[in-house]
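Q: What follows is a single structure, and I will ask about it in a moment.
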Amino acid sequence: MSPFPPPGRLRILSLATLANTVGTGLWVTGSALYLTRVVGLSPTEVGLGLTLAGLVGLTASVPFGGLADRRDPRTLRAVLQLAQAAVAVAYLLVGSFPVFLLVATLDALLVSGNLAVRAALVAAVAGPQGRVHAFATLRAVANLGIAAGAGLAGVALAADTRLAYHILVVGNAATYLVSAALLMRLPALAPPPRPSTAAALRRGRPLRDGRFLAVSGASAVLALHQTVLTLVVPLWAVNLLGAPPPIVSAVLLTNTVLTVLLAVRLSRGADTAAPAARKMRRAGLVLATTMLLYAATAGLPTAAAVALLLLATVVYTVGDLWHGTAGAGLAYDLAPPDAIGAYQGADGMLAGLARAVAPALLTLVVLDGGVPGWLAVGALFAVVGLASPALTRRALTRG
């Protein structure tokens, strides 16, 4: 079954997403080698620069999301992608750590701002009844794009020449231009009506809306699972279980294929806050079960451990998809109608903070802690999932 929707606005948005994420796959796959082998930075400088840039970039989420509440989000996102194309090309000019840090920070600010604007654009295109379905559709398409970009990047990595890496950088920039052009095929989207004074004040206060932030924070804690799959499981499988390195690709490919096949199907029933919270509870319990399965691989023969890892990845993907759609449904439905962008920006900022701390936290807890570490992470996911409905009910009663 094709992940692309029928012709219409969502189809255009899907094609723009596909173009954009092909570039993401190119850059994510090849950037580390480009920055170290061509630019000459050390791995420590790359890691430090990306961490600092990522933390600074989070500050753009709420302001750009708020701007999308007052301006046409289609045009705003297209302009941001043109700016991202310019910054992507600027990586060709990087020759030292200070210049790298500057370019990476600009890149991170635009990425964070663009994610918030994208959330507002999805809401404007799909409407209240279709935005979670649209979110799931775009996620499936994004997985296709990233996989295609990673495959194309493999050609540059195989060539391993300065020219090949430069083509990779330019290719990433070009995808932003294609995506922006596709976005402009959408009709102009008028901002919501000017709100009352009280609503305007509320729109400017997503970071002081404690009840919303509690729900969003719970979702951000569950989002730690993404680092489990992409960082902790590969290191656990190869270094501690003795599995051959290609198993890492098999695990990630399993997740990618299932995401493309199941993202839309598993998105049903999360359009409003109450059912989305129940889906978040299920996601937390399924992800907790996955951590138990990962823990159970310890001490098994390699073949049995690999089989259990792949089974755990199937279970993980269900929890991952439920979490993604539940988080989107909650973030949309708990936001004031005239402040979708600002509240999505706050939600994205918390998720970004979780992504920032996840590598250090999870490698310490799981890779150093072993089976007890897996159990601790599983208990955390279960508790957060179980707490989500109560936090949501409290957020729904806020005055």
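Q: If you go through region 185-216, how many residues are surrounded by 18 or more Cβ atoms within 10 Å (Cβ to Cβ) and either at pLDDT 95 or above or under 25 Å from the mean Cα position of the chain (by Cα) (or both)?
A: Going through region 185-216 one residue at a time, the tally reaches 9.
Q: Give the residue that is farthest from residue 61 (Cα to Cα), with candidates limited to residues of region 140-167 that are open to solvent by 60 Å² or more (accessible area, probe 1.4 Å) and part of a helix (DSSP H, G or I).
A: 158
Q: Can you name the condition, by its number, that residue 230 falls short on among (1) over 16 Å from residue 362 (Cβ atoms); (2) open to solvent by 40 Å² or more (accessible area, probe 1.4 Å); (3) without any contact (Cβ under 8 Å) to a residue 24 or more places away in the chain?
A: (1)
Q: Still on this structure, I have one more. When you go through 331, 358 one by one, which is the residue that is under 22 Å from the mean Cα position of the chain (by Cα), in contact (Cβ under 8 Å) with a residue 12 or more places away in the chain, in a helix (DSSP H, G or I) and buried (at least 22 other Cβ atoms within 10 Å of the Cβ)? Lay out the reasoning, then the answer.
A: On the way: 358 fails: buried (at least 22 other Cβ atoms within 10 Å of the Cβ).
Only one candidate passes the filter, namely 331.
Q: Residue 135 - would you say it is in contact with a Leu (Cβ under 9 Å, 6 or more places away or on another chain) and open to solvent by 30 Å² or more (accessible area, probe 1.4 Å)?
A: Numbers: in contact with a Leu (Cβ under 9 Å, 6 or more places away or on another chain): no; open to solvent by 30 Å² or more (accessible area, probe 1.4 Å): yes.
Spelling it out, it is not the case that residue 135 is in contact with a Leu (Cβ under 9 Å, 6 or more places away or on another chain) and open to solvent by 30 Å² or more (accessible area, probe 1.4 Å).
Q: Specify the residue that is nearest to the chain's Cα centre (by Cα); the eligible residues are those in region 253-312 that are open to solvent by less than 10 Å² (accessible area, probe 1.4 Å), closer than 16 Å to residue 135 by Cα and of a type outside the set (A, V, I, L, M, F, W, C).
A: Taking the candidates together, the pick is 259.
Q: Within region 236-246, count every residue that is open to solvent by less than 60 Å² (accessible area, probe 1.4 Å) and either hydrophobic (A, V, I, L, M, F, W, C) or at pLDDT 90 or above (or both). Spell out how you get there, then give the answer.
A: Pass one, region 236-246, residues open to solvent by less than 60 Å² (accessible area, probe 1.4 Å): 236-238, 241-243.
Within this subset, residues satisfying the condition of being either hydrophobic (A, V, I, L, M, F, W, C) or at pLDDT 90 or above (or both) are 236-238, 241, 243.
Count: 5.
Q: Something else: Which condition from (1) over 16 Å from the mean Cα position of the chain (by Cα); (2) crowded, with 24+ Cβ neighbours inside 10 Å is the one that residue 112 breaks?
A: For residue 112, the exception is condition (1).
The values are calculated or read from the model by the stated rules, or taken from the named source; none is laboratory data. Everything numeric in this text was worked out from a predicted model, so none of it was measured. Every residue, glycine among them, receives a Cβ derived from its backbone with ideal geometry; neighbour counts consider all protein chains shown. We work out accessible area using only protein heavy atoms, side chains counted, and drop any ligands, DNA or RNA first. Shrake-Rupley method; radii C 1.70, N 1.55, O 1.52, S 1.80 Å.
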